[in-house]
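Everything below concerns the one structure shown next.
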Amino acid sequence: MKNPLIKIKKAIDGFAGKVGKVPAKKLKIIAVSAIAVAIVAIGFMALYTSGVIFKSDDNSGIEVQEITYEVQENEAEKSYLSKDLLQAITDSGERVKNAIDARPATVEVPEEELSSYVKIDNCLIADGGKVEVSASAQALPKSDDKYYYLFDIATYEDELPEGAEPIDKTYKDTAFTLDGLLNKGQADSRLYRKFLVAVKSGDTYKTVSHPSYVTNPEYIASYNYSGMSHNSKKGLLVDPSRLSELDDLGVNYATYNIPLNNFLTTSSAGSVGYTYNGVTYYFNAAILQQYDYLFTTLNAKGIDVAAILLNNVSPSNFPEITHPSARGGSTAPYYMYNATDESGVNALAAVATFLSSRYSGSGHGNVSMWIIGNEVNAKKEWNYMATSDISAYTAAYTRAFRVFYNAIKSVNAGAGVYISLDQQWNRNRSNNPDFDARDMLDIFAASLREYGDIDWGVAHHPYSYPNENTPFWNSSSLVTNSADTSIITMNNIEVLTNYMQQESMLSPSGNVRSIILSEMGYSSTSGEALQAAAFAYAYTKIASNSCIDAMMLSRQTDAADEIAQFGLALGLCTTSGAHKYIYDVYKYIDTPRRNEVIAFAKPIVGKDF
């Protein structure tokens with residue numbers, strides 16, 4: 001028969017490995033009890049194996065019998081109480097004691113430190129439709145019981161609401177994992193919610209960690225398209241009426257605006273209905289078909305698309321789309337998105353999910369880059385919200401950005417999602433109605449990192465300053481090579497790319513984030529040759545900068561309203577379609593004819609490039 005005491009030894013060893021989950025005050029009682037049980041068991045087993053006692057066949061109890069036979073034992077069975085076995089039992093007891101001694105200390109954490117005492121290391125979507133939250137702490141914060149509790153709160157909430165119930169719990173330890181269901185596609189989906197850890201205090205719970213969103217929404221994506229392979233960074237703001245020229249121009253990237261007012265409608269007639277989390281939204285079918293044709297045509301020509309999502313919906317028709325502080329008195333054509341309440345979060349998620357699903361492998365064309373807003377630091381001109389507080393403004397944008405990001409990436413894992421910034425980098429002007437791009441970028445990046453970092457990118461607009469200053473290479477006190485420069489143009493674009501190489505700006509994988517120059521251009525108002533020379537020099541700098549993924553020149557065709565209002569004729573073609581000098585420079589600059597077509601520009605720029 002197998003030695004029963006070996007089972008006792010294994011049980012004690014197993015106990016030693018689990019004591020870390022047992023409250024300290026109970027461990028001594030358990031340990032003493034275990035030792036007593038072991039001693040009794042040893043005595044019982046000694047009698048049992050010697051034949052003094054045994055069970056009767058009818059299980060009526062223990063009977064004492066006179067020994068009438070001699071037990072035959074081999075050498076290995078001669079004694080269950082050998083020195084080796086006794087030593088093994090002693091060693092097991094010692095391990096129990098050591099495990100008790102090694103248990104993390106319970107500490108009284110000052111109230112002002114409690115809310116961030118536990119660090120959430122990862123908040124990830126995992127197999128089985130779950131969200132796994134891994135966390136750690138130096139010791140165990142004192143509370144009314146032995147557990148950590150996991151909660152989720154809304155995008156727009158900063159603390160546990162009254163009556164909140166935990167979704168999971170686990171024994172306190174210095175490293176632990178909690179989980180909850182993601183509920184993808186359901187009304188109670190946690191894709192846009194924040195997770196936090198708490199401990200019990202009386203009849204309430206106290207937060208002990210900073211909240212975190214899930215940081216890998218791409219894990220549940222059914223599509224993965226990051227774009228085609230290109231040997232050039234050349235892109236363009238295309239003219240839908242002149243798509244036949246794009247093959248001749250050798251375009252690789254295209255930007256195109258998606259103003260939401262063009263799509264969203266209150267009527268089901270002539271619309272495509274889309275139900276999201278129990279709410280049905282309607283998208284204009286005729287407009288969708290126009291975009292379907294444009295994007296499929298561009299893709300067929302080998303062109304990747306960057307779509308710019310612009311909020312120009314009427315606050316009276318769709319108040320949930322627009323931030324409450326942007327629903328009246330706007331000085332800009334577009335408004336801050338709304339992530340301040342459940343209806344707003346749901347509407348943004350619905351729009352982003354619908355559009356990214358339609359333009360991700362569904363046969364309507366593919367969009368590989370999504371830009372959320374236009375020059376969002378310029379709130380007066382482009383992205384209205386009635387506040388002069390940059391922290392409040394950036395927080396509003398960042399929360400909405402997170403909703404768009406999680407929605408888009410949960411559909412297309414390879415899509416890029418970008419913040420749009422203008423060239424006013426660090427003006428530090430008093431009474432500035434706008435915000436400096438660097439200040440907003442710093443706050444934006446820090447907030448996303450604080451709540452769970454994600455792989456966002458920058459869509460920058462390095463226009464000259466002022467915009468009509470086509471010879472951007474001329475010296476200016478506002479354009480320097482310092483990180484504190486007032487303006488970033490193509491003359492000092494390295495300031496941006498160097499800034500994005502700082503550790504605080506790197507992606508979660510430690511790489512430089514995607515940087516695209518999604519809008520830039522030079523006017524021919526002062527001469528077509530000057531415009532062409534400016535593009536030639538700018539593109540040469542872009543091509544040699546490994547941190548820039550793509551550039552999109554504004555624009556294919558002059559815009560009559562820009563000429564009338566600002567005196568800017570930025571196109572490769574005139575309003576009548578005639579090719580300007582820049583047309584051939586653009587066409588050949590990334591071909592073997594490059595040196596030939598840019599030779600004229602070097603004397604104009606005064607540089608050999």
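Of the residues examined, residue 79 is not one that is among the polar types (S, T, N, Q), within 48 Å of the chain's Cα centre (by Cα), modelled with pLDDT under 95 and not in a strand (DSSP E or B). Tell me, please, whether a residue that is in contact (Cβ under 8 Å) with a residue 60 or more places away in the chain, open to solvent by less than 40 Å² (accessible area, probe 1.4 Å), under 24 Å from residue 409 (Cα atoms) and in contact with a Pro (Cβ under 9 Å, 6 or more places away or on another chain) can be found in segment 99-122. Checking segment 99-122: at least one residue is in contact (Cβ under 8 Å) with a residue 60 or more places away in the chain, open to solvent by less than 40 Å² (accessible area, probe 1.4 Å), under 24 Å from residue 409 (Cα atoms) and in contact with a Pro (Cβ under 9 Å, 6 or more places away or on another chain). The numbered conditions (1) in a strand (DSSP E or B); (2) open to solvent by less than 50 Å² (accessible area, probe 1.4 Å); (3) without any contact (Cβ under 8 Å) to a residue 24 or more places away in the chain are all true for residue 275 except (2).
Residues of segment 452-498 that are open to solvent by 30 Å² or more (accessible area, probe 1.4 Å), within 30 Å of residue 218 (Cα to Cα) and in contact (Cβ under 8 Å) with a residue 60 or more places away in the chain: 453 alone. Looking at segment 289-333, which of the residues that are of a type in the set (Asp, Glu) and farther than 15 Å from residue 228 by Cβ is most open to solvent (accessible area, probe 1.4 Å)? Selected residue: 320. Checked against (1) in contact (Cβ under 8 Å) with a residue 60 or more places away in the chain; (2) in a loop (DSSP other than H, G, I, E, B); (3) more than 24 Å from residue 261 (Cα to Cα), residue 386 passes all but condition (3). Scanning segment 437-457 for residues that are part of a loop (DSSP other than H, G, I, E, B), of a type outside the set (D, E, K, R) and under 12 Å from residue 506 (Cβ atoms) returns a single hit, 456.
Close Cβ contacts (under 6 Å, 6 or more residues apart or on different chains) running from residues in segment 314-325 that are without any contact (Cβ under 8 Å) to a residue 40 or more places away in the chain to residues that are open to solvent by less than 50 Å² (accessible area, probe 1.4 Å) and of a type in the set (Ser, Thr, Tyr) comprise 315/322; 322/335.
Please work out if residue 444 is under 13 Å from the mean Cα position of the chain (by Cα) and either open to solvent by less than 10 Å² (accessible area, probe 1.4 Å) or within 26 Å of residue 523 (Cα to Cα) (or both). Criteria met by residue 444.
Restricting attention to segment 578-608, the residues being assigned to a loop (DSSP other than H, G, I, E, B) and surrounded by 14 or more Cβ atoms within 10 Å (Cβ to Cβ) number 4.
From the list 504, 509, exactly one residue is of a type outside the set (Phe, Trp, Tyr) and either touching a Lys or Arg at 6+ places or on another chain (Cβ under 8 Å) or not in a loop (DSSP other than H, G, I, E, B) (or both). Which is it?
504
Of all residues in segment 483-495, at least one satisfies being out of contact with any Lys or Arg (no Cβ under 9 Å at 6 or more places or on another chain) and not in a loop (DSSP other than H, G, I, E, B).
Condition check ((1) more than 23 Å from residue 605 (Cβ to Cβ); (2) assigned to a helix (DSSP H, G or I); (3) not β-branched (Val, Ile, Thr)) across all residues:
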{"position": "526", "(1), (2), (3)": "no, no, yes"}
{"position": "530", "(1), (2), (3)": "no, yes, yes"}
{"position": "533", "(1), (2), (3)": "no, yes, yes"}
{"position": "536", "(1), (2), (3)": "no, yes, yes"}
{"position": "540", "(1), (2), (3)": "no, yes, no"}
{"position": "551", "(1), (2), (3)": "no, no, yes"}
{"position": "561", "(1), (2), (3)": "yes, yes, yes"}
{"position": "571", "(1), (2), (3)": "no, no, yes"}
{"position": "576", "(1), (2), (3)": "yes, no, yes"}
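Going through 427, 438, 358 one at a time, which residue ends up being open to solvent by 10 Å² or more (accessible area, probe 1.4 Å) and either more than 26 Å from residue 493 (Cα to Cα) or acidic (Asp, Glu) (or both)?
Working: 427 fails: either more than 26 Å from residue 493 (Cα to Cα) or acidic (Asp, Glu) (or both); 438 fails: either more than 26 Å from residue 493 (Cα to Cα) or acidic (Asp, Glu) (or both).
Within the list 427, 438, 358, the selection yields 358.
If you go through segment 501-550 and pick out every residue that is touching a Leu at 6+ places or on another chain (Cβ under 8 Å), under 17 Å from residue 252 (Cα atoms) and of a type in the set (A, V, I, L, M, F, W, C), you end up with 6. Taking the numbered list (1) within 13 Å of residue 261 (Cα to Cα); (2) part of a helix (DSSP H, G or I); (3) within 27 Å of the chain's Cα centre (by Cα) in turn, residue 299 passes all entries but (1). Does residue 514 meet the test of being open to solvent by 20 Å² or more (accessible area, probe 1.4 Å), modelled with pLDDT of 95 or more and touching an Asp or Glu at 6+ places or on another chain (Cβ under 6 Å)? Spelling it out, residue 514 is indeed open to solvent by 20 Å² or more (accessible area, probe 1.4 Å), modelled with pLDDT of 95 or more and touching an Asp or Glu at 6+ places or on another chain (Cβ under 6 Å). The set of residues in segment 218-271 that are among the acidic types (Asp, Glu) and not in a helix (DSSP H, G or I) contains only 239. Residue pairs whose Cβ atoms lie under 7 Å apart, separated by 6 or more positions or on different chains, with the first residue in segment 157-185 and within 27 Å of residue 107 (Cβ to Cβ) and at pLDDT below 95 and the second β-branched (Val, Ile, Thr) and open to solvent by less than 40 Å² (accessible area, probe 1.4 Å), are 159/207. Looking only at residues in segment 193-223 that are among the charged types (D, E, K, R) and within 25 Å of residue 406 (Cβ to Cβ), the one that is least open to solvent (accessible area, probe 1.4 Å) is 194.
The values are calculated or read from the model by the stated rules, or taken from the named source; none is laboratory data. Just so we're clear, the structure is a prediction, and the values are computed from it rather than from any experiment. All Cβ positions, even for glycine, are placed from backbone atoms using ideal geometry, and neighbour counts span all protein chains on display. What goes into the accessible areas is simple: the full protein's heavy atoms, side chains included, and nothing from ligands, DNA or RNA. Shrake-Rupley method; radii C 1.70, N 1.55, O 1.52, S 1.80 Å.
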